[in-house]
Amino acid sequence: MFGHVNPMLPLVLAARAAGHDVVVATGADMVGRLAGQLGGQLGGHGVTTWAVGPTHREAGGGPGTNWLTYFADTARSRAADLVPLAVDWKPDLVVSEDTELSGPVAAAVTGARHVVHGIGIMPPIQLWGALGPILDDLFAQFGTSGDHRAATYLELCPPSLRRAAGSVAGPATGSAPERIWPDAVPLRPVAGTPGPGERLPDAVDALPFERTVHVTLGTVFHDNRNVLHTAIAALSALSALPVNVVATVGPDVDPAGFGRQPAHVLLAPYLPHTLLLPRCAAVVSQGGAGIMFGAFTNGLPHLVLPQGGDQFMNAEAIELAGAGLALHPAEVTGATVTDGVTRLLEEDSFATAAAAVRAELAAMPDAATVLNTLHRAP
């Protein structure tokens, strides 16, 4: 999935730029998209890409998915492809994201150092009760063992956003709760990696109003058309507070299906956030980690319409930081979306809190710095 691959790209590119041999292992659909996103820099141009396991579509992922079952089943299939390739290639370092369970097995079988790459807020310790036994079964299947929780964790989340999962703020006693990966190294998240020559459409420059609000439900939950249509329609009619609306409706979705739009509304299947978000004043999204970090990288307040997965935890984190508002599914109406965005744009406290998160992100080390730290570590 985009939200699981994109956060790791800065480390991939930093390793490649430093002269390391790098392999990216992912689903077959993402192999082609990675090459396209990065102008051919991945796949046949210095970085080898392996297609392992099922694609997201083949695995049946989407709204209503039981994600624990999804991650367990795909890991078993992925490990069957990945482990033999890794044994033959003999890596020194295996980096896998925090819900991916075949990477730890490949590291254990090959004797490589294992690093866990965060993709959002570190999952709560309670999740390990479900993931741990799945990983133990995979270890046993390949005749190995490992202490996954001893891995170094690359943490994308700044301190102000960690409280929702109990990652930093402890209970009433003030003590810090247990974390899945105690050995954490901060790594600054990046809003996206546009390919060479990638640009926004001219229609963005032609939008009439001074301020722009970006609306998206990401690349997994964009099929919730009613929610997306409600948000777009509400903001396009926000006459008391005129704003442009730029909405991405999802990969392979025809924007024409949302009907004719006024001149201040632009719909597209996909737009690079690195180029779009600096032009925006606020974001309305499902609250995936990628758009959450992208918004805060640009100091933007956020209205979250969580749909599933970790999005409810992210929505709570954004509210606790004072940098946004959340509407749970039963609360989403044209009036509540309008009210939420109006508050974000008119009440200075939200922009102030978002700017504080941006400052925290800017102070975190970048991928090249973290790579050097990993290279020096035993």
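The values are calculated or read from the model by the stated rules, or taken from the named source; none is laboratory data. What you see is a predicted model, and the numbers here were worked out from it, not measured in a lab. Note that we place each Cβ from the backbone using ideal geometry, even for glycine, and neighbour counts take in every protein chain shown. Note: accessible area is taken over every heavy atom of the protein model, side chains too, but ligands, DNA and RNA are not part of it. Shrake-Rupley method; radii C 1.70, N 1.55, O 1.52, S 1.80 Å.
Remarks
- Area accessible to solvent at residue 89, 1.4 Å probe radius, in Å²: 100
- Under the Karplus curve 6.51 cos²θ - 1.76 cosθ + 1.60, θ = phi - 60°, whole-Hz ³J(HN,Hα) for region 178-185, x wherever Gly or Pro sits: 5, 10, 4, 10, x, 8, 10, 10
- Region 254-285 and region 293-307: distance between their alpha carbon centers, rounded to Å: 15
- Residues whose amide H comes within less than 5 Å of that of residue 287, counting only those at least five positions distant or on another chain, are 305 (H built at 1.01 Å from N in the peptide plane).
- For residue 24, residues with placed amide H under 5 Å, excluding near neighbours: 48, 49, 50
- Looking at the chain, the accessible area is 42 square angstrom per residue; that uses a 1.4 Å probe and ignores ligands, DNA and RNA.
- Hydrodynamic radius (Kirkwood) for region 288-339, which is based on Cα pairs only, to one decimal in Å: 11.2
- Rg/Rg_ref, region 263-378, where Rg_ref = 2.2 N^0.38 Å and atoms are Cα: 1.19
- Long-range amide H partners of residue 117 with built H, under 5 Å: 96, 97, 98, 154
- Here region 94-164 has 52 percent of its accessible surface on carbon and sulfur atoms, given a 1.4 Å probe and all protein chains in place.
- Gyration tensor verdict on the chain (Cα atoms; rounded if a/c is under 1.5, prolate if a/b is larger than b/c, oblate otherwise): prolate
- Vicinal HN-Hα couplings computed from phi for region 247-259 (Karplus, 6.51 cos²θ - 1.76 cosθ + 1.60; Hz; Gly/Pro x): 10, 9, 9, x, x, 6, 9, 7, x, 4, x, 8, x
- Converting phi to 3J(HN,Hα) with the Karplus coefficients 6.51, -1.76 and 1.60 and the offset θ = phi - 60°, region 295-310 yields 5, 6, 4, 9, x, 9, x, 9, 9, 9, 10, x, 10, x, x, 7 Hz in sequence order, with x at every glycine or proline.
- Each peptide in 2-11, 235-244 receives the mean, over its residues, of other Cβ atoms within 10 Å, and ordering these scores from highest gives 2-11, 235-244.
- A protection proxy built from the mean count of other Cβ atoms within 10 Å ranks the segments 324-334, 105-115, most packed first, as 105-115, 324-334.
- An oblate overall shape is assigned to region 92-143, the ratio a/c of its alpha-carbon gyration tensor axes (a ≥ b ≥ c) being 1.5 or greater and a/b not exceeding b/c.
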